[in-house]
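The values are calculated or read from the model by the stated rules, or taken from the named source; none is laboratory data. Small disclaimer: the values here were computed from a predicted structure and weren't measured. All Cβ positions, glycine included, derive from the backbone under ideal geometry; neighbour counts span all protein chains shown.
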């Protein structure tokens, strides 16, 4: 009976999310939410893949330390060092005992080149240590301190991390971590990452060419807007209201449209041209009214 690779399901789940959000970013969705989710999911998946390789190789240095507080745990520690099948050892353990084991940090995985050396040799790559350290740095920044939505995951860094994913995919293939051979069926298409290497990347150019942006321009450009505040949420609502009036179906998710409109405003590509001025006038009973002022939406891409 084939032994279950105990970290693989979790690793592949995180990997699929990383691919999804990488493609979101390439399609113009580069808000902080998409960047953070991309970085954290990729970081998590790589950590789990590398630790799975260590488990498969029966490398006990995958465990940093074990909390021993009683004789029961001491016996478990002895079993750990005596076992010849780490996957089976941890799979058969209850959560209470499993939580006594602490695996090594990502930073120590970066230096374990022997784990991935066969794939790197095949690809003619000496090391990916620099890229892994960059990913660790990005993860630490978004977890432990202030980050700017504009500065986090720069375009240069995105290129490096995107191209790292291609190498990670080769490592995944070489270690038989994928649930398919060769070309994936539709069921597993979300796990495949065979994108071309990026030489450069521009968030604003990706935003301009996004299908969502093109739809927003078609639906909203030149339309009147009656809200005083230039609120992306209000504009997103107006986008969907306009579609209803035009008997058009919505092809994009509300949150994705909201993100794109937020970015258009953030990059100074969305403007409001005021038509008319507020004028005060008095009603029949002496009450004050103000004339309606509206704005024309202008999207310059």
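Observations, loosely collected:
- Residue count, the range 91-104 (criterion: free of Cβ contacts under 8 Å to residues at least 60 places away in the same chain and either surrounded by 12 or more Cβ atoms within 10 Å (Cβ to Cβ) or touching a strand residue (DSSP E or B) at 6+ places or on another chain (Cβ under 7 Å) (or both)): 8
- The range 68-82 - residue that is more than 20 Å from residue 50 (Cβ to Cβ) and surrounded by 13 or more Cβ atoms within 10 Å (Cβ to Cβ) and, of those, modelled with the lowest pLDDT: 68
- Any chance residue 293 is surrounded by 13 or more Cβ atoms within 10 Å (Cβ to Cβ) and at pLDDT below 75: yes
- Answer residue from the range 86-113, given it is within 14 Å of residue 61 (Cα to Cα) and in a loop (DSSP other than H, G, I, E, B) and is modelled with the lowest pLDDT among those: 112
- Any chance residue 164 is crowded, with 17+ Cβ neighbours inside 10 Å and touching a helix residue (DSSP H, G or I) at 6+ places or on another chain (Cβ under 9 Å): yes
- Of everything in the range 243-258 that is surrounded by 15 or more Cβ atoms within 10 Å (Cβ to Cβ) and under 20 Å from residue 298 (Cβ atoms), the residue that is modelled with the lowest pLDDT is 243.
- Note on the range 196-226: among residues that are in a loop (DSSP other than H, G, I, E, B), touching a residue at least 60 places away in the same chain (Cβ under 8 Å) and on the phi < 0 side of the Ramachandran plot, the one that is surrounded by the fewest Cβ atoms within 10 Å (Cβ to Cβ) is 226.
- Only a single item in (1) touching a strand residue (DSSP E or B) at 6+ places or on another chain (Cβ under 7 Å); (2) crowded, with 22+ Cβ neighbours inside 10 Å is not met by residue 30, and it is number (1).
- Tabulated pairs, the range 262-279, first part of a strand (DSSP E or B), second modelled with pLDDT of 95 or more, C-beta under 6 angstrom, 6+ apart or interchain: 270/264
- Failed item, numbered, when residue 64 is tested on (1) surrounded by 11 or more Cβ atoms within 10 Å (Cβ to Cβ); (2) free of Cβ contacts under 8 Å to residues at least 40 places away in the same chain: (2)
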